1. Can you name every residue in the range 32-48 that is part of a loop (DSSP other than H, G, I, E, B) and either polar (S, T, N, Q) or modelled with pLDDT under 90 (or both)?
2. Name the residue that is modelled with the highest pLDDT, counting only residues in the range 49-60 that are under 12 Å from residue 25 (Cα atoms) and in a loop (DSSP other than H, G, I, E, B).
3. So, in the range 61-90, exactly how many residues are loosely packed, with under 10 Cβ neighbours inside 10 Å, at pLDDT 85 or above and in a helix (DSSP H, G or I)?
Amino acid sequence: MCDRSPLTDNVGVAIQTFSVFSLLPACPSCDSEAVVKNGFIHNGKQNHRCQDYGRQFVANPENKIISDETKSLIDKLLLDVREDSDGWHC
């Protein structure tokens, strides 16, 4: 009779097993591990979808924060364009 457990290989070394879900990040909304891959976003990062909550998300998102100075410049430029335009100009 063989006394090896199903989690050992032929020489008795323990084999580490993983759940499919454990390799993927948990849902940031509900912490569920029932997450599947769901394609890629525009910059090539892996997109995921929570099967319980339905939320799509990217693991480790890199949000670029736009400084207040840049926002002010954008507002100024948009206002300048609106004030100058009576139609399309090149």
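The values are calculated or read from the model by the stated rules, or taken from the named source; none is laboratory data. Quick caveat, the model's predicted, so the values are computed rather than measured. Counting neighbours? That spans all protein chains shown, and the Cβs are built from the backbone with ideal geometry, glycine included.
1. Matches in the range 32-48: 32, 43.
2. Filtering first and then ranking leaves 59.
3. 2
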